[in-house]
Amino acid sequence: MALLIDADIIAYNAVSAVQNEFEFEPDVWQLYADIKEGRKLFAEKVDELMADTTQKDYLLCFSDPAKANFRKQLAPGLYKANRSARKPVGYWPLVTSIQEQQKKRVRHRPRLEADDVIGILATRDEGKHVIWSIDKDLKQLPGVHLIDGKEEGVSCMDADISFLTQVLTGDTVDNYPGCPGIGPVKAAKILQSAINANAHLSGDAVHCCWQAILNTFVAAELTEADALLQARLAFLLRVDNYNIETGKIRLWKPPAPLEHG
């Protein structure tokens with residue numbers, strides 16, 4: 001049906017590329033952005049992406065500009081608290097003008113990030129869209145992704161492993177820590193060991209691995225609640241996690257404990 005585009009990234013790159021500075025008066029310098037040129041660069045990037053996909057249309061997914069991001073409410077003073085720098089000059093005027101010009105193609109929701117909007121759309125119309133973003137977080141969404149100019153499938157197993165890896169390793173860009181001392185290599189070993197031990201669960205990576213993740217956090221002198229918070233910060237919302245009519249968010253819940261016997 002459509003190429004789901006992480007429009008935040010394109011807008012940021014476009015307006016960053018059109019920053020200029022000039023000397024307003026001796027020793028007084030100002031920074032300005034050519035928004036018209038920024039819109040042109042934005043449109044060119046969208047055209048480039050559309051040339052690489054089989055989709056005939058696109059949707060521009062934006063984050064809510066308000067600061068009431070639900071993850072910031074889950075972890076106040078932590079989630080994205082490292083982002084002290086302001087947006088580039090002209091970012092919000094550029095976004096506003098694009099949203100006004102392309103109203104029918106724009107998608108955003110209160111308290112949600114563009115990633116969540118994409119996750120909801122992709123899982124609501126499963127198999128009908130292609131996903132594009134340079135953000136690695138999107139790899140936790142199963143389906144077809146546009147990667148380096150080619151459409152590639154991401155299986156449910158690979159998507160879940162991507163999500164679980166972030167629970168363990170955290171994300172320095174979004175400023176949540178994961179489990180101390182666990183990097184990608186250790187995370188891969190922990191997850192693969194759990195999957196091998198629970199092969200009878202037919203590829204349900206989350207069910208296979210959640211207890212191993214809890215054990216890892218406890219071994220690091222943290223709690224199961226710490227692990228759950230990391231998971232909720234990492235998890236991208238899907239259609240079952242968001243009520244479009246009311247805006248109510250259903251936070252990620254861990255699977256039921258494994259039964260042995």
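Laboratory data are not the source of any read-out in this text; all were calculated from the coordinates shown. The model shown is predicted, which means the values in this text are computed figures rather than measured ones. Positions of Cβ are generated from backbone atoms using ideal geometry, with glycine treated the same way; all protein chains shown enter the neighbour counts.
Data table
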item	result
Estimated FRET transfer efficiency when R0 is 51 angstrom, pair residue 218-residue 239 (beta carbons, to 0.05)	0.95
Anisotropy class of the range 194-244 from Cα gyration tensor, a/c 1.5 cut	oblate
Global form of the range 111-214, assessed from the alpha-carbon gyration tensor, a/c cut-off 1.5	oblate
Distant-in-sequence amide H partners of residue 144 (H built 1.01 Å from N, under 5 Å)	131, 154
Under 5 Å, built H, 5+ apart or other chain: amide partners of residue 106	60
Where trypsin sites (Lys or Arg not before Pro) fall in DSSP loop in the range 1-94, at most 15 other Cβ within 10 Å	56, 67, 83, 86
Beta bridge orientation in the chain: antiparallel %, DSSP, nearest 5	50 percent
Inter-part distance where the range 2-77 and the range 167-212 are each reduced to a Cα centre, Å	33 Å
When each of 67/186; 45/104; 87/186; 150/253; 72/104 is checked by Cα-Cα distance, pairs over 24 Å	67/186; 87/186; 150/253; 72/104
The range 1-109: relative contact order as a whole-number percent, Cα under 8 Å and 6+ apart	38 percent
Positive-end extreme of charge dipole, the range 87-182 - chosen from 143, 122, 159 (charges on Cβ)	122
Cut-off under 5 Å, modelled amide H: who pairs with residue 252 long-range	none
The chain: relative contact order as a whole-number percent, Cα under 8 Å and 6+ apart	19 percent
For the chain, size of Cβ-based charge dipole, Lys and Arg +1, Asp and Glu -1, in debye	680 debye
